[in-house]
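The values are calculated or read from the model by the stated rules, or taken from the named source; none is laboratory data. This structure is a prediction, so every number in the text was calculated from the model and none was measured. All Cβ positions, glycine included, derive from the backbone under ideal geometry; neighbour counts span all protein chains shown. Accessible surface is based on the protein model in full, side chains and every heavy atom, while ligands, DNA and RNA are left aside. Shrake-Rupley method; radii C 1.70, N 1.55, O 1.52, S 1.80 Å.
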Amino acid sequence: MDIKERIRRSPPQAAPAPGHPRGRKGRVAVLPLSVAALVACGVLLLLLSGGSAARRGGQFLDADPAIAVPAGDGRGDLHQARSRDGGHGTMESSKVQRDKLIGGLLAPGFDEQSCLSRYQSALYRKESPHLLSTYLLERLREHEVLHKKCGPHTESYNKAIELLKSGQDIEVGDCNYLVWISYSGLGNRMLTITSAFLYAILTNRVLLVDGDKGTADLFCEPFPETSWLLPADFPINHFENFNTGSPESYGKMLKTENIRSDGSFKGPKPAFIYLHLAHDYDDYDKLFFCEHSQQHLQRIPWLILRSDNYFVPSLFLIPAYHEELMRLFPQKDAVFHHLGRYLFHPTNVVWGLITRYYDSYLAKADEKLGIQIRVFDTETGPFQYVLDQVLSCTLKENLLPKVNAQLPIVSTRKVRSKVVLITSLNSGYYERIRTMYWEHPTTNGDIISFHQPSHEEHQDSDKKMHNMKAWAEIYLLSLSDVMVTSAWSTFGYVAQGLSGLKTWLMFKPENHTAPNPPCRQVMSMEPCFHAPPFYDCKARRGTDTGKLVPHVRHCEDMSWGLKLVDTDEW
């Protein structure tokens, strides 16, 4: 990409008011000496008292100088200050006022109290260096208009539901729908919602999300003046029965030739089609990613989707969508980064978990390191080989300083502080690493503190508070300055994508042995598509889909997976 930084426009100079000395050409106002002296003294006092504060661009306006901390280091730490009216409000800097819409990614006009995180995230998150295309912003605004027109309980939606109930041969109209079925763990759900949303934009459909597994408890509504939640009275209520062999499945229809090669149907055209894009889908289901299948599906007003895959990379391999995707995402490894920040805003309950923890333990550090540890082992940990891998990665890459067991512990106040946030189902890794840095000094004198918000011991994706804590920890991880994540983990993929960082990825251990090398920095911040099709739709034969275009390559942590990369850098 030729342009690597945002082009900022300076605010226009305000026109001088009538009567102002600059507003009347050739006239100069003369003040009496005593008044001029007073003005000069006032200016001098202002410069002496406020000049340094003016230079601290990140400090909040009207902040109490005794407790406000400069935030000009670019890390995006939150420094709250008491307001002069009693200390109950947070004074927002002009930077926050500009960034609260994330460069125009978010739409204004929401009730801010109903979802505090939507506009307060700019207080906590550093500014993204990844460019937003104006075309993406245009398409998001268009989608919001479409959703407002066709969303739940609108006249258009009610008519579409009546036609769906009738089972008639329904033609597509102005309002067509994609229904996302809640499935798998939180990380998978966030990745598949994002994939479904992008597909909805490409096909001009309204995205409706299944409220199962507490979707409304986790995420605020992303679209203004409407809802993305599928109403409880939706007439198709047997989602759990859908699978790769269901007669409503697109793959099954192809397999039984109920859909002919020209896209026509043997019998009446169905009112809806089920898309099975989960990890266990078969070769006929995978034909979804062929252009001729997309032409078939354009004729169906209702599509119902189940997936546990981030299938965005394969959308980039469909010729009909290629030009549109290039315009939407000129930086091709920022798809989830932009769409994830647009879609996923923690509800007020989850935002409380996030902000209380951040303000208590993370906000004041000079640097924040996030370490996400995911172990795919049926036995109970902690495991020594996992601990060895974490330490080997962080020490080798200078993410953590070494400790010296021979030197006495000498305390000094003039040190650099680093806070380490560890997320894991098991508390053992946190306790061992924390003890190591408590008992021994660092070789460079840094003071390191370690924190782990929760240790649930096992994943329970059907439990409300478990999911809330998981979402809070994903968000806290994404506020890191540097991050280490685990291979194959969708939890880590989401945190990485939201952060906009190229994290250090720890490879999956084999045979209970720490791999060598233990980790590497990823080539892009995009998640991995774990189960992509390997099929050339034109040639009608198998092929390596990781070699078809430069910007879709195989993942670092899964050799058969696909991920998007920015080809200007790799």
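Residue-wise test of (1) among the charged types (D, E, K, R); (2) within 18 Å of Leu498 (Cα to Cα); (3) in contact (Cβ under 8 Å) with a residue 40 or more places away in the chain; (4) loosely packed, with under 14 Cβ neighbours inside 10 Å.
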| site | (1), (2), (3), (4) |
| --- | --- |
| His337 | no, yes, yes, no |
| Leu343 | no, yes, yes, no |
| Ile354 | no, yes, yes, no |
| Ala363 | no, no, yes, no |
| Gln384 | no, no, no, yes |
| Val403 | no, no, yes, no |
| Ser417 | no, no, yes, yes |
| Val420 | no, no, yes, no |
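With the requirement that a residue be part of a helix (DSSP H, G or I) and farther than 20 Å from Ser427 by Cβ, what does the range 359-374 give you? Correct list: Asp359 only. Looking only at residues in the range 287-297 that are open to solvent by less than 10 Å² (accessible area, probe 1.4 Å) and within 21 Å of Thr545 (Cα to Cα), the one that is farthest from the chain's Cα centre (by Cα) is Ser293.
Consider the range 508-536 and keep the residues that are outside any strand (DSSP E or B) and open to solvent by 50 Å² or more (accessible area, probe 1.4 Å). The one that is farthest from Val390 (Cα to Cα) is Phe534. For the range 470-482, the condition holds for no residue, the condition being that it is open to solvent by 10 Å² or more (accessible area, probe 1.4 Å), touching a Lys or Arg at 6+ places or on another chain (Cβ under 8 Å) and assigned to a helix (DSSP H, G or I).
Could you tell me whether Gln406 is of a type outside the set (Gly, Ala, Ser) and in a helix (DSSP H, G or I)? Judged against the criteria, Gln406 is not a match. Filtering the range 84-119 to residues that are modelled with pLDDT of 95 or more and among the polar types (S, T, N, Q) leaves Gln113, Ser114, Ser117.
Quick one: in the range 365-376, of everything that is open to solvent by less than 50 Å² (accessible area, probe 1.4 Å) and not hydrophobic (A, V, I, L, M, F, W, C), which residue is farthest from the chain's Cα centre (by Cα)? If we take residues in the range 365-376 being open to solvent by less than 50 Å² (accessible area, probe 1.4 Å) and not hydrophobic (A, V, I, L, M, F, W, C), then Glu367 is farthest from the chain's Cα centre (by Cα).
All conditions but one from (1) among the charged types (D, E, K, R); (2) under 30 Å from Pro268 (Cβ atoms); (3) surrounded by 19 or more Cβ atoms within 10 Å (Cβ to Cβ) apply to Glu162; the one that does not is (3). Inside the range 272-286, residues that are open to solvent by 10 Å² or more (accessible area, probe 1.4 Å) and not in a strand (DSSP E or B) make up a count of 7.
So which residues in the range 196-215 are in contact with a Phe, Trp or Tyr (Cβ under 7 Å, 6 or more places away or on another chain) and in a loop (DSSP other than H, G, I, E, B)? Within the range 196-215, Arg205, Asp210 meet the criteria.
Return the total of residues in the range 315-335 being in a helix (DSSP H, G or I) and either buried (at least 21 other Cβ atoms within 10 Å of the Cβ) or of a type outside the set (Asp, Glu) (or both). Going through the range 315-335 one residue at a time, the tally reaches 13. Filtered by the rule that a residue be farther than 17 Å from Glu367 by Cα and either open to solvent by 50 Å² or more (accessible area, probe 1.4 Å) or in contact with a strand residue (DSSP E or B) (Cβ under 9 Å, 6 or more places away or on another chain) (or both), the range 424-434 gives Ser424, Leu425, Tyr429, Tyr430, Glu431, Arg432, Ile433. Of the numbered criteria (1) assigned to a loop (DSSP other than H, G, I, E, B); (2) surrounded by 15 or more Cβ atoms within 10 Å (Cβ to Cβ), the one Asp462 fails is (2). Within the bounds of the range 490-504, is there any residue that is under 29 Å from Lys286 (Cβ atoms) and assigned to a loop (DSSP other than H, G, I, E, B)? Taking every residue of the range 490-504 in turn, none turns out to be under 29 Å from Lys286 (Cβ atoms) and assigned to a loop (DSSP other than H, G, I, E, B). Within the range 537-559, restricting attention to residues that are in a loop (DSSP other than H, G, I, E, B), charged (D, E, K, R) and on the phi < 0 side of the Ramachandran plot, the residue that is most open to solvent (accessible area, probe 1.4 Å) is Lys538. The residue that is nearest to the chain's Cα centre (by Cα), counting only those in the range 123-157 that are closer than 30 Å to Val482 by Cα and among the polar types (S, T, N, Q), is Ser128. Only one entry in Met465, Met523 is under 21 Å from the mean Cα position of the chain (by Cα) and without any contact (Cβ under 8 Å) to a residue 24 or more places away in the chain, namely Met465.
The single residue among Ser227, Ser246 that is among the small types (Gly, Ala, Ser), touching a residue at least 24 places away in the same chain (Cβ under 8 Å), surrounded by 15 or more Cβ atoms within 10 Å (Cβ to Cβ) and under 25 Å from Asp111 (Cβ atoms) turns out to be Ser227.
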